[in-house]
Amino acid sequence: MKTLIVIPCYNEAKRLRGEVFSAYCAEHPDTDFLFANDGSTDNTLQVLNELAVGSERMHVLDLQPNGGKAEAVRRGMLHAAEYTDAQYIGFWDADLATPLDEMPDFVKWADLGYDMVTGLRLKRLGAKVERKPTRHYMGRVFATCASALLRLPVYDTQCGSKLYRRDIVPELFASSFITRWLFDVELLARYKQQYGAECARTKIYELPLYKWEDVAGSRLKGRDFIKAPVELLKIWRAYR
């Protein structure tokens with residue numbers, strides 16, 4: 001196995017596209033999935049267990065009680081680093097807003113020596129990146145603030161598809177995040193603090209996605225953007 005992807009799941013029973021994950025495993029024998037059930041209150045755990053039955057490529061980690069996406073990702077990444085021999089470990093949103101077909105490009109860039117490859121939702125000619133205008137413009141304001149705080153030229157911190165070199169995972173994900181939904185920014189801040197600004201500029205790659213689309217059912221609400229300045233301030237104080 002070369003790559004393992006953590007899929008955080010909270011009440012995803014109705015929209016989890018299990019057949020897509022199964023098909024990807026069949027076509028890519030070097031990739032496994034670890035579904036981290038984040039204390040779901042519907043039958044997500046049952047759906048995941050049925051998906052994993054008879055498969056050596058799909059695994060389930062049941063986390064109780066619900067701790068939020070950030071904690072589910074963190075614990076899933078640490079579990080993967082401890083119990084698998086994957087060369088690369090990443091996480092991906094369960095709604096597949098970033099299609100799994102994008103994953104080989106993530107691995108390609110990781111193979112070139114990058115410590116972290118993160119998706120970049122850049123609407124451009126030749127690409128199929130579909131975002132709601134309000135989310136796009138709010139995202140641009142947020143990303144500009146995050147870039148200034150980090151003092152890094154990052155364009156898109158919040159894309160839900162990321163891949164890491166295995167040996168940086170235990171240190172990067174060791175402690176709980178101080179923010180609930182800006183943990184992507186916090187991961188960049190941790191990396192910069194641990195490895196330095198020059199490594200952050202040269203060993204992290206933002207990969208422009210060919211396809212991305214807003215998927216109905218997102219739990220990110222407009223009021224969460226209102227909380228962003230306070231959350232960013234927390235990160236600045238902790239990692240400056």
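The values are calculated or read from the model by the stated rules, or taken from the named source; none is laboratory data. Values in this document were obtained by computation on a predicted structure and should not be read as measured data. Glycine gets a Cβ as well: all are built from the backbone with ideal geometry, and neighbour counts include every protein chain shown.
Quick notes on this structure:
- Qualifying residue in segment 103-118 (condition: at pLDDT 95 or above and at positive phi): yes
- Selected residue [surrounded by fewer than 17 Cβ atoms within 10 Å (Cβ to Cβ), in contact with a strand residue (DSSP E or B) (Cβ under 8 Å, 6 or more places away or on another chain) and in contact (Cβ under 8 Å) with a residue 40 or more places away in the chain] from E130, E206: E130
- Residue check for V73: of a type in the set (V, I, T), more than 16 Å from K2 (Cα to Cα) and surrounded by fewer than 21 Cβ atoms within 10 Å (Cβ to Cβ): no
- V47 being assigned to a helix (DSSP H, G or I) and either buried (at least 20 other Cβ atoms within 10 Å of the Cβ) or not aromatic (F, W, Y) (or both): yes
- Condition check for T118: among the polar types (S, T, N, Q), surrounded by 20 or more Cβ atoms within 10 Å (Cβ to Cβ), in a loop (DSSP other than H, G, I, E, B) and in contact (Cβ under 8 Å) with a residue 40 or more places away in the chain: no
- Residue satisfying condition, being more than 29 Å from K14 (Cα to Cα) and over 17 Å from the mean Cα position of the chain (by Cα), within set E82, E130: E82
- For D101, the stated conditions do not hold, so it cannot be described as surrounded by fewer than 17 Cβ atoms within 10 Å (Cβ to Cβ) and in contact with a Ser or Thr (Cβ under 8 Å, 6 or more places away or on another chain).
- For E213: the one exception among (1) within 21 Å of R140 (Cβ to Cβ); (2) out of contact with any strand residue (DSSP E or B) (no Cβ under 6 Å at 6 or more places or on another chain); (3) modelled with pLDDT under 95: (2)
- Residue that is surrounded by the most Cβ atoms within 10 Å (Cβ to Cβ) [pool: residues in segment 182-203 that are more than 14 Å from the chain's Cα centre (by Cα) and charged (D, E, K, R)]: R190
- Unmet criterion (only one of (1) of a type in the set (A, V, I, L, M); (2) assigned to a loop (DSSP other than H, G, I, E, B); (3) more than 30 Å from L45 (Cα to Cα)) for V141: (2)
- The one condition from (1) exposed (fewer than 14 other Cβ atoms within 10 Å of the Cβ); (2) in contact (Cβ under 8 Å) with a residue 24 or more places away in the chain that H28 does not meet is (1).
- Test: residue in segment 103-113 that is closer than 15 Å to T3 by Cα and part of a strand (DSSP E or B): no
- Beta carbons closer than 7 Å, at least 6 apart along the sequence or on distinct chains, pair a first residue in segment 162-175 that is within 18 Å of I7 (Cα to Cα) with a second that is modelled with pLDDT of 95 or more and acidic (D, E) for Y164/D115; R165/D115.
- Residues satisfying the stated conditions in segment 133-172, i.e. under 25 Å from R75 (Cα atoms), of a type in the set (A, V, I, L, M, F, W, C) and under 18 Å from the mean Cα position of the chain (by Cα): A146, C159, L163, I168, V169, L172
- Subset of segment 160-181 that is among the hydrophobic types (A, V, I, L, M, F, W, C) and modelled with pLDDT of 95 or more - its residue that is surrounded by the fewest Cβ atoms within 10 Å (Cβ to Cβ): A174
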